Amino acid sequence: MPDATENGKPSPGFAKAPDYRVGFEPTSRRLRVEFGGETLADTTDGRVLLESNHVPVYYFPQADVRMDLLAATELTTFCPFKGDANYWTLNAGGKTAENAVWSYTDPYQETRAIRDYLGFYWNKMDHWYEEDEEIFVHPRDPYKRIDAIPSSRRVVVTLGGQEVANTDRAHFLFETGMPVRYYMPAEDVNFDVLTANDHSSRCPYKGIASYWSAKVGGETFDNIVWSYADPIAECPKIMGLVCFFNENVDDIQVDGVPIDRATTKWSNRYLAESLDGPEHIV
């Protein structure tokens, strides 16, 4: 639990859940947000909010935000850990984003540092930048690690009672908080049972994924396979490799040993339609 300061009321949230994490940390990266052809915020004094059960969120000091483009609204929301949030509607370049900006003007003791900073709904903005690189989906968590390691261990994937992949050339992708993913050469995957589709999703750590559905034994498995044809520069090892949802195939074996079935938010082989945001990328 964060340390309380002398100002503000105690948080009822931390009283009930003292292990809940709300970190509000400085970042040395220059951050920019654009909307309607205008630079809404530009700062080298930003903060990243790292909160339990949430993706990271960038906050900007009010002094570095174009407040002239904002109009206060009557909307308020309540967080038991941070307090009451006030909202603004954004108008720029002939575009409007209702209640797209918020701030905790009188936060609780334990999260007092968030006062005088503003947050922006990611998907309501046009562009986000770290330094001069455009970023997507949400900020990358500084405490999240991804390692793609080549392995000669044999990986076998079974789907609908049929072997659909068999390789000793996989890259094992280890990602903080995620089950191990097995990215394998396309030559070692049975594409006779796969059909490419138009679905795509974006991951802030890897890039844009393309998907295939599988039809095995008369059963269709939507969006069960994906690949990053052009991953971001930080994750080149998985370029062009193919991966299956561990949660939704019959079985994955590594060197003949079945891998425990992971339970995640993707644990439904018919979740194709629900994969609609970058935060859902694997």
Of residues in the range 84-137 being in a strand (DSSP E or B) and of a type in the set (S, T, Y), the one nearest to the chain's Cα centre (by Cα): Y129
Look through the range 219-247, keep the residues that are in contact with a Lys or Arg (Cβ under 6 Å, 6 or more places away or on another chain) and modelled with pLDDT of 90 or more, and return whichever of them is nearest to I135 (Cα to Cα). P231
Please identify the pairs in which a residue from the range 198-210 that is farther than 14 Å from D222 by Cα has its Cβ atom under 7 Å from the Cβ atom of a residue that is hydrophobic (A, V, I, L, M, F, W, C) and surrounded by fewer than 16 Cβ atoms within 10 Å (Cβ to Cβ), counting only partners at least 6 apart or on another chain. R202/F136; P204/F136
Condition met for V249 (closer than 30 Å to H138 by Cα, β-branched (V, I, T), touching a residue at least 24 places away in the same chain (Cβ under 8 Å) and surrounded by 20 or more Cβ atoms within 10 Å (Cβ to Cβ)): yes
Test N86 against the stated conditions and say whether it is under 14 Å from D116 (Cα atoms), touching a strand residue (DSSP E or B) at 6+ places or on another chain (Cβ under 7 Å) and of a type outside the set (F, W, Y). yes
Please specify each residue of the range 17-61 satisfying the condition of being surrounded by 14 or more Cβ atoms within 10 Å (Cβ to Cβ), polar (S, T, N, Q) and within 13 Å of E130 (Cα to Cα). T27, T43
Might you check whether a residue that is among the polar types (S, T, N, Q) and in a strand (DSSP E or B) occurs anywhere in the range 236-248? no
Among the residues of the range 204-226, write down those that are out of contact with any Phe, Trp or Tyr (no Cβ under 8 Å at 6 or more places or on another chain) and under 18 Å from G240 (Cβ atoms). Y205
Here the qualifying pairs (Cβ atoms under 6 Å; residues six or more apart or on different chains; first in the range 54-83 and over 28 Å from P204 (Cβ atoms); second among the β-branched types (V, I, T)) come out as A71/T89; T73/T89
The number of residues in the range 154-203 that are of a type outside the set (S, T, Y), in a loop (DSSP other than H, G, I, E, B) and either touching a strand residue (DSSP E or B) at 6+ places or on another chain (Cβ under 8 Å) or not assigned by TED's automatic domain parsing to the domain that holds M239 (or both) is 9
Name every residue in the range 157-176 that is hydrophobic (A, V, I, L, M, F, W, C) and out of contact with any Ser or Thr (no Cβ under 8 Å at 6 or more places or on another chain), in order of residue number. V157, L159, A165, L173, F174
Can you name every residue in the range 208-237 that is over 18 Å from T195 (Cα atoms) and surrounded by 20 or more Cβ atoms within 10 Å (Cβ to Cβ)? P231
If a residue must be among the hydroxyl-bearing types (S, T, Y), at pLDDT 95 or above and out of contact with any helix residue (DSSP H, G or I) (no Cβ under 9 Å at 6 or more places or on another chain), how many such residues does the range 28-57 contain? 1
Conditions (1) without any contact (Cβ under 8 Å) to a residue 40 or more places away in the chain; (2) part of a strand (DSSP E or B) -> D45 fails only (2)
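The values are calculated or read from the model by the stated rules, or taken from the named source; none is laboratory data. The structure displayed is predicted, hence computed values, not measured ones. Heads up, the Cβs are rebuilt from the backbone with ideal geometry, glycines too, and the neighbour counts pull from every protein chain shown.
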